[in-house]
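Have a look at the structure below, then the notes.
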Amino acid sequence: MIASMISDFTQTLALFAVTEFFLSLAPGPAVFLVVSKSLGGRFGAGMAVSAGILSVNVVFFLLSALGVGAAIVAAPWLFMMVKVIGAAYLVYLGGRGLYDVWLVSRQSQNDDAVVIAPIAGGSFGRDFMAAVLVQASSPKNIIIFLAIIPQFVDPAGPIFLQFAALCAVSVLVELPVLAGYAALAVYLVTRVKQARVRNGLECLAGVTLVVLGASLLFTGLPT
């Protein structure tokens, strides 16, 4: 009996790992924040963002295990407040990056003379908190925990232990994916020598963050 339950849950974990892998690969606010922070050539900034993202996920797993995750639906004002803060911060990050590009383009006399101040500039704590705000305010992330994660939990089994196992699998799967995005961004930007191309990458990152922040305001939980 116990062996059968363990075998079934092992299969469930394997299925969840595959699902989590493809969910992590899908571009979203978290992935774009990792990439934009890493475009400054700082892999550590991307990993600080990854740590913030995964920390929020762990908290969401805990809330789901305690049965209070649905409180987000019951208190839409709370969700809206967090969402507005996260969206505003995304727009701020993108706008600051675009301003840096504009400022340097006016001062630069030739393509290779200036290296711009990157969007990724900042301390570990600042990058970590940016990721916390963005991930906590992402409707996609909330929907995953409200609608998808419970599908892998057996109500007849130990709820907390199942959520703990799913949480561990989630971190182990998503961390390498986010690290891969960060490493790819750093690799691309360090291979680029011309300031014009580097400015273009920074500009693209800034525009992406502004668009994500704006779209976040118009995305809500399903009713």
- Query: Could you give every pair whose Cβ atoms fall below 9 Å, whose first residue belongs to the range 12-24 and is more than 18 Å from Gln135 (Cβ to Cβ), and whose second residue is not in a helix (DSSP H, G or I), counting only separations of at least 6 or pairs across chains?
  - Reply: Thr12/Val153; Thr12/Asp154
- Query: Only one residue in Leu221, Leu212, Leu204 is assigned to a helix (DSSP H, G or I), modelled with pLDDT under 80 and in contact with a Pro (Cβ under 8 Å, 6 or more places away or on another chain), so which one is that?
  - Reply: Leu212
- Query: What pairs come up if the first residue lies in the range 147-161 and is more than 16 Å from Gln11 (Cβ to Cβ), the second is modelled with pLDDT under 80 and not hydroxyl-bearing (Ser, Thr, Tyr), and their beta carbons are under 7 Å apart, counting only those six or more places apart or on different chains?
  - Reply: Ile159/Ala65; Phe160/Ala65
- Query: Within the range 20-65, can you find the residues that are farther than 29 Å from Phe160 by Cα, part of a helix (DSSP H, G or I) and open to solvent by 20 Å² or more (accessible area, probe 1.4 Å)?
  - Reply: Phe32, Val35, Phe43, Gly44
- Note on the structure: Within the range 180-201, restricting to residues that are open to solvent by less than 20 Å² (accessible area, probe 1.4 Å) and closer than 22 Å to Ser50 by Cβ, the one that is modelled with the highest pLDDT is Ala182
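Do we find a residue being within 24 Å of Thr10 (Cα to Cα), outside any helix (DSSP H, G or I) and open to solvent by 60 Å² or more (accessible area, probe 1.4 Å) anywhere in the range 162-172? Steps first, answer last, please.
Applying the first criterion (within 24 Å of Thr10 (Cα to Cα)) to the range 162-172 yields 162-172.
Keeping just the survivors that are outside any helix (DSSP H, G or I) gives none.
No, the range 162-172 contains no residue that is within 24 Å of Thr10 (Cα to Cα), outside any helix (DSSP H, G or I) and open to solvent by 60 Å² or more (accessible area, probe 1.4 Å).
The values are calculated or read from the model by the stated rules, or taken from the named source; none is laboratory data. What you see is a predicted model; the values in this text were computed from it and never measured. Note that we place each Cβ from the backbone using ideal geometry, even for glycine, and neighbour counts take in every protein chain shown. These area figures cover heavy atoms from the full protein model, side chains too; ligands, DNA and RNA do not enter into them. Shrake-Rupley method; radii C 1.70, N 1.55, O 1.52, S 1.80 Å.
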